[in-house]
1. For the structure I just gave you, tell me whether Asp149 is of a type in the set (Asp, Glu), more than 29 Å from the chain's Cα centre (by Cα) and open to solvent by 30 Å² or more (accessible area, probe 1.4 Å).
2. Got a sec? Which strands (runs of 3 or more DSSP E) wholly within segment 211-290 have at least 1 residues that are modelled with pLDDT of 95 or more and either surrounded by 10 or more Cβ atoms within 10 Å (Cβ to Cβ) or of a type outside the set (Phe, Trp, Tyr) (or both)?
3. Ala337 fails exactly one of the following numbered conditions: (1) open to solvent by 40 Å² or more (accessible area, probe 1.4 Å); (2) farther than 19 Å from Val246 by Cβ; (3) modelled with pLDDT under 95. What is the number of that condition?
4. Exactly one of these conditions fails for Arg376: (1) open to solvent by 50 Å² or more (accessible area, probe 1.4 Å); (2) farther than 23 Å from Val189 by Cα; (3) modelled with pLDDT of 95 or more; (4) not acidic (Asp, Glu). Give me its number.
5. Among the residues of segment 327-359, write down those that are closer than 19 Å to Lys282 by Cα and aromatic (Phe, Trp, Tyr).
6. Please work out which residue is least open to solvent (accessible area, probe 1.4 Å), limiting yourself to segment 291-311 and to residues that are of a type outside the set (S, T, N, Q) and farther than 30 Å from Pro356 by Cβ.
7. Would you say Asp169 is farther than 29 Å from Ile69 by Cβ and in a helix (DSSP H, G or I)?
8. Please identify the pairs in which a residue from segment 39-53 that is under 14 Å from Gln97 (Cβ atoms) has its Cβ atom under 7 Å from the Cβ atom of a residue that is of a type in the set (Lys, Arg) and modelled with pLDDT of 90 or more, counting only partners at least 6 apart or on another chain.
Amino acid sequence: MFKRILVSLLFMSVIFACSSGKKALQNGNYDEAVLTAVGRLQKSPNNSSALQVLKEAYPLAVSKHTDRINQWEQSKEPFHWEKVVEEYQQLNQMADQIQNCPVCQNAVGTPQRNFQSLQSAKNLSADERYDAGQHALGFAQNNRQAAKDAFGHFKRAEYFVPNYKDVADKIGQAFELASVKIVVEQVTVTSRLYQLSNEYFQDRINEFLKTNPRLNQFVLFYSPQEASNNRLKPDQIVHLEFDDFVVGQTYVNSNTDLVTSRDSVKVGETKVNGKTIPVYNKVTARLTRTRKTVSSKGLLDMQIIDFRTKNVLYRDKIPGEFVWTNEWARFNGDERALTRDQLNLCNVREQLPPPPQQLFVEFSKPIYDQFTRKIRKFYENY
């Protein structure tokens, strides 16, 4: 009993020490030690272990960040002021936590805040990023990578100092030069029978191209109508066209088999020595199974074409198929010869296949899935 109590006390002391931040302090993770101790003291103000950790760790954490700030301020490394910003932000984060914990503030005094120094570092970071963006923008007229670099620099400048100079206009300029404008020429189907179904297919592709945020922020898709309305000169054309499609090819196959029950069943009665006894034997039936298959399929030609040179940048053939099946059966003979599955199949009746418009939609679904994968892969790092 005493041994179990001792083990429990040792276990609790380990948990207690970890939750107080003592282990982080011993490993030199001073920020973690401070934040862990503060969190513990907010829940348990009388936690002496956490209080001791805070008293030891906070001065060490402040000293560590101060040394790093001094080092980064003297650095010649590009964008080193952003490192200074990070150090001040971490100092302020600890100060905010301590400020919200009265017992913590009593233990270490008024926490060190650096709003003015932080803002100065942000201003210098924004200056450096803006200058880098201006430099990249000078090469961006016929260089998309330079335009993308400029866009990134200007966005960082805006992050550090919102409304910095004319950075909003610069972001727009860089984005315009970095963007690839693509007109998607959708599949055309002249048959009225499939017009609505093809519109469904077109709408799904348009929705994907317009709303999928994971594709690429610099790749912009337009319909031919949008391009015409905006007098847009595209960079590329995505051309989609069915090489061929067939809807509603029907095949019907029937076969008749003589089936026999697996076990003997009662087939009658007879008298033996004046007694009536059952007669057992296997029974048979003729089972006719019918299977109707309606196949619909198509082959989509997908091309990505450079608008200026007319060169084909990418081409693929995308197949799609949908097979609708209906199976039923009938029998003549003793139903006890049938298995449960066979008997269930005999209760099924012939059904009408989906209308042609729906069959068109169904075979176009796997084409859509393949198209979206291929278009995402082609443009994900464009």
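1. no
2. It comes to 236-260.
3. Unmet condition: (1).
4. Only one criterion is unmet by Arg376, namely (3).
5. The answer is Phe331, and nothing else.
6. This residue is Ile304.
7. Criteria met by Asp169.
8. Ala50/Arg40
The values are calculated or read from the model by the stated rules, or taken from the named source; none is laboratory data. This structure is a prediction, so every number in the text was calculated from the model and none was measured. Cβ: placed from backbone, ideal geometry, glycine included. Neighbour counts: every protein chain shown. The protein model used for the area step is the full one, side chains on, heavy atoms only, and it has no ligands, DNA or RNA in it. Shrake-Rupley method; radii C 1.70, N 1.55, O 1.52, S 1.80 Å.
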